[in-house]
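The values are calculated or read from the model by the stated rules, or taken from the named source; none is laboratory data. Note that the structure is a prediction, hence the values are computed from the model and not measured. No Cβ is skipped: glycine too gets one built from the backbone with ideal geometry, and neighbour counts run over all protein chains shown.
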Amino acid sequence: MENGSELEKWGFRGNEKLSAALASAVTVRGILMKLFESLSKDDPRPTVPLGHGDPSAFPCFRTAAVAEDAIVDAVRSAKYNGYAPPVGILPARRAIADYLSRDLPYALSPDDVHVTIGCIQAIEVTMAVLARPGANILLPRPGFPYYESRAAAINLEVRHFDLNPEKGWEVDLESIEALADENTVAMVIINPGNPCGTVYTHQHLKKIAETARKLGILVVADEVYHHLTFGSNPFVPMGAFGSIVPVITLGSISKRWIVPGWRLGWIVTNDPNVLHLSKRLK
Ligand SMILES: *Cc1c(COP(=O)(O)O)cnc(C)c1O
């Protein structure tokens, strides 16, 4: 295969554009590996891995026994060995809808819920649905690099808006208005925030909703850390403003229930009366 002419016979090249995009987006794992390599050599000092996104690596974090029992019972019942509907089985969608509705001023229906393989697949599916030719999406900076990698893979143009460190990493709403045009399909917020840990106030989320409504763009709310908050702001789901602007909420059990390996996530349409997204996405 060293021989150039031998290689030319084959259609396979790999996706060069994608590998360049992935390298430039700088993955979380890539940075952690670099840090790890540079620290672990002869330095005797202990390290605290603050960049580690998997709490199950620490024995003090263990999910609830009822959750483990539920998995064991489900496997032993032999009722769930077959293919499930692509959107997820009804009891799971209903449980997710009921659980998330506890924080909302209206009730979600199981039809609003699409079960995914962790929040990562929720991001993938949502971006793929939004990426019509020529579209662009607004992403937070700093943010979660997986959004940039996915956008590159599907030719969705990315425009970054800044989070303002002087104002607790709130969204710079003026820059949103300057960035958006007729091809902007959505803006993404991560709340509670990764990597900054901010928990947005009710008031700020409402302003985000009003700005997005004015611009005619959806809000994609990555709430994978929902209810895992530091500081005094309580968690408010973006879906609480679903009557102002259609919201697509992404989440999973990975972080809150300390089981990222179980790979259970969701895409939820919070859109009781604007576009009725759950009907349109069928
Ligand atoms: C961890 C994380 C995800 C991925 O969640 P999984 O359920 O593990 O796939 C998505 N978004 C953010 C902001 C995250 O921190």
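Some values worked out for this structure:
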{"item": "Near pairs, Cβ below 6 angstrom, 6+ apart or cross-chain, from segment 265-278 (at pLDDT 95 or above) to any residue that is small (G, A, S)", "result": "G265/G118; G265/A122; G265/S252; W266/G251; I267/A122; T269/S278; N270/G239; N270/G242"}
{"item": "Subset of segment 258-282 [assigned to a loop (DSSP other than H, G, I, E, B), within 13 Å of the ligand (Cβ to nearest atom) and crowded, with 17+ Cβ neighbours inside 10 Å]", "result": "I258, V259, L264"}
{"item": "Test result for L108, touching a Phe, Trp or Tyr at 6+ places or on another chain (Cβ under 8 Å), buried (at least 17 other Cβ atoms within 10 Å of the Cβ) and of a type in the set (A, V, I, L, M, F, W, C)", "result": "no"}
{"item": "Complete set of residues in segment 204-214 that are among the hydrophobic types (A, V, I, L, M, F, W, C) and either out of contact with any strand residue (DSSP E or B) (no Cβ under 7 Å at 6 or more places or on another chain) or surrounded by 24 or more Cβ atoms within 10 Å (Cβ to Cβ) (or both)", "result": "L205, I208, A212"}
{"item": "Subset of segment 84-135 that is assigned to a helix (DSSP H, G or I) and among the hydroxyl-bearing types (S, T, Y) - its residue that is farthest from the ligand (Cβ to nearest atom)", "result": "S101"}
{"item": "Number of the condition not met by L139 [criteria: (1) under 12 Å from V220 (Cβ atoms); (2) away from the ligand (no atom under 16 Å from the Cβ)]", "result": "(2)"}
{"item": "Qualifying residues in segment 224-243 (those that are within 16 Å of the ligand (Cβ to nearest atom) and surrounded by 15 or more Cβ atoms within 10 Å (Cβ to Cβ)) - the one farthest from T201 (Cα to Cα)", "result": "V224"}
{"item": "Cross-chain or 6+ apart pairs with Cβ under 6 Å, segment 180-204 first and part of a loop (DSSP other than H, G, I, E, B), then acidic (D, E) and surrounded by fewer than 22 Cβ atoms within 10 Å (Cβ to Cβ)", "result": "none"}
{"item": "Inter-residue pairs, beta-carbon under 7 Å, first at pLDDT 70 or above and assigned to a loop (DSSP other than H, G, I, E, B) and in segment 4-25, second surrounded by 11 or more Cβ atoms within 10 Å (Cβ to Cβ) and of a type outside the set (S, T, Y), 6+ apart", "result": "none"}
{"item": "Residues that are among the β-branched types (V, I, T) and within 25 Å of the chain's Cα centre (by Cα), drawn from segment 61-83", "result": "T63, I71"}
{"item": "Residues that are within 12 Å of the ligand (Cβ to nearest atom), surrounded by fewer than 20 Cβ atoms within 10 Å (Cβ to Cβ) and hydrophobic (A, V, I, L, M, F, W, C), drawn from segment 244-257", "result": "W257"}
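Okay, residues lined up against (1) touching a helix residue (DSSP H, G or I) at 6+ places or on another chain (Cβ under 8 Å); (2) away from the ligand (no atom under 16 Å from the Cβ); (3) of a type outside the set (A, V, I, L, M, F, W, C); (4) at pLDDT below 95:
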| residue | (1), (2), (3), (4) |
| --- | --- |
| F144 | yes, no, no, yes |
| E148 | yes, no, yes, yes |
| I154 | yes, yes, no, yes |
| E157 | yes, yes, yes, no |
| L163 | no, no, no, no |
| V171 | yes, no, no, no |
| D181 | no, yes, yes, no |
| P192 | no, no, yes, no |
| I208 | yes, yes, no, no |
